[in-house]
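Values in this text are rule-based calculations from the coordinates and carry no lab data. Keep in mind that this is a model prediction, so the values were computed, not measured. Cβ atoms come from the backbone with ideal geometry, glycine included; neighbour counts cover every protein chain shown.
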Amino acid sequence: ATKTGLALVERDESGIDLAFRADVLEGLRGSPKAISARWLYDDAGSQLFEDITKVPEYYPTRAETEILKTRAGEFAEMIGSGRAVVEFGSGSSVKTPLLLSAIEPASYVPLDIAGDFLRAAAADLAEKFPALPVHPVEADFMRRVELPGEVADQPKLGFFPGSTIGNMVARTAVDLLRSMRETLGTGAQLLIGMDLIKNEEVLVAAYDDAGGVTAQFNTNLVRRINRELEGDIPLDKLHHEARWNDDYARIEMHLVAEEAIGFTVSGEAFGMEKGETIHTENSHKFNRRTSNMLLLAGGWEPVQRWLDAEGRFSMILAEA
Ligand code: AVI
């Protein structure tokens, strides 16, 4: 096996991502079939997610941006200046500058496992804020991360926008919140985006837009499996479905078999009954109580909560 980058992707001699193959095969052997949402984000998938943020039905990005734009004064008041802003994931083009211009931070530390995105985002930010020290760190932020020595003495603000926490089951989300606390240290604050429970039709439409962008995002996983893992999954026999799971307060993305099908992936044979699905993503939604509960379980005390004008999305400030 050869390793690339910071040993983050392990490949075999033919270039196959071993973790991807192991995850996909295990997920397809399972009942129900399920594949981790992390594999949705190859280059094509990352671009499709960017496209999703612009479709009319997908409100979270616009709602969260609205909060960041309209509450700058309150952020400045409650967060203050002089903090090291540690962003979990490389900065998005719009949200991060809004936060940074609201609070006058001492430095900016984007953390990401994907080095290329990280460096591009860091360079972009450095250009927008020439006086701000930027220290990108290539790391898996699901575990405690060693921050650069330059920011050791600065109080930290963790920034985790987008309701990405909602893509994790509760146990994983709690583990992440606890690692964030260890990474950020005493006196830290966390500003986190959490999407809200709302009318089912609005939620389903946000994950099954009329233009079919989310369907492309979901089926891209099959294209990736067929291309990278020598698969022959018949794409024309699977369709995208977004389902509301009320017990778990989450939208689920599935790929549904329109008829009984058989296929192989990496030489292994699989079958699906008509109507059987491959579960590809969870997107949990919260209310005031459940978001508080999750944060508290992860070691964070919520201190302030902001919603967009239509009450669709929340940003919460919490303290370690
Ligand atoms: C990245 N994440 C917060 C998105 C979400 O809303 O759960 C991913 C996504 N999946 C389908 N549409 C958007």
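For this structure, a couple of remarks:
- Gained length - L307 relative to A152, 0.36 nm times residue gap less alpha-carbon distance: 52.6 nm
- Cα-centred dipole magnitude for the stretch 32-149, charges only on beta-carbon of K, R (+1) and D, E (-1), debye, nearest 20: 240
- Cα-centre dipole for the stretch 171-320 with unit charges at Cβ (Lys and Arg positive, Asp and Glu negative), debye to 20: 660
- Spread over its residues, the convex hull of the C-alpha atoms of the chain is 131 Å³ per residue.
- Net charge of Cβ neighbours under 13 Å - reference L295; Lys, Arg +1; Asp, Glu -1: +3
- Whole-Hz couplings from phi, Karplus 6.51/-1.76/1.60, listed for the stretch 282-296; x for Gly and Pro: 10, 10, 6, 10, 10, 10, 4, 5, 6, 5, 4, 4, 5, 4, 4
- For the stretch 228-275, applying the loop criterion from DSSP together with a ceiling of 15 other beta carbons within 10 Å to the GluC sites (Glu not before Pro) yields E230, E258, E259, E273.
- The chain: antiparallel DSSP beta bridges as a percent of all, rounded to 5: 65
- Only DSSP H runs of four or more residues enter the estimate; each adds -39500 (n - 2.57), and after division by the residues of the chain the mean residue ellipticity at 222 nm equals -10500 deg cm²/dmol.
- Inter-site label distance for S101 and R119 at 7 Å from Cα along Cβ, in nm: 2.8
- Long-range amide H partners of K33 with built H, under 5 Å: T277, H279
- Scalar couplings 3J(HN,Hα) for the stretch 42-52, obtained by applying the Karplus form with A = 6.51, B = -1.76, C = 1.60 to θ = phi - 60°, are 7, 4, 5, x, 5, 5, 5, 5, 4, 5, 4 Hz; x denotes Gly and Pro.
- Computed on the stretch 1-81, the Cα convex hull volume stands at 179 Å³ per residue.
- Applying both filters, DSSP loop and at most 15 other Cβ atoms within 10 Å, to the trypsin sites (Lys or Arg not before Pro) of the stretch 99-182 gives R143, R144.
- Just checking the listed ones, L235, L294, L221: in the Gaussian network model of the chain with Cα springs under 10 Å, the one fluctuating most is L235.
- Exposure proxy ranking, count of Cβ atoms within 10 Å, fewest first, for R62, R38: R38, R62
- Largest GNM mean-square fluctuation among N226, N282, N199, using the chain with Cα springs under 10 Å: N199.
- Calculated diffusion of the stretch 250-303, Stokes-Einstein form, Kirkwood radius summed over Cα pairs, 4 °C and 1.567 mPa s, µm²/s: 90
- Long-range HN-HN contacts of F159 with modeled amide H, under 5 Å: V86, E87, F88, L191
- Computed from phi, the 3J(HN,Hα) profile of the stretch 146-160 under the Karplus parametrisation 6.51, -1.76, 1.60 (θ = phi - 60°) reads 7, 7, x, x, 4, 9, 3, 8, 8, x, 9, 10, x, 10, 9 Hz, with x in place of Gly and Pro.
- Counting lysine pairs in the chain that sit 8 or more residues apart in sequence, or on different chains, and whose Cα atoms lie under 23 Å apart gives 19.
- Within the chain: Cβ-based charge dipole about Cα centre, in debye rounded to nearest 20 (Lys, Arg +1; Asp, Glu -1): 800
- The stretch 21-170 - Debye-derived log10 I(q)/I(0), Cα point model, q = 0.16, 0.22 Å⁻¹: -0.98, -1.56
- Relative to the dominant Cα principal axis of the chain, helix 18-29 is inclined by about 60°.
- The fraction of Cα-Cα pairs per 10 angstrom bin, counted from 0 for the stretch 203-320, comes to 12, 32, 26, 18, 12, 0 percent, rounded to whole percents.
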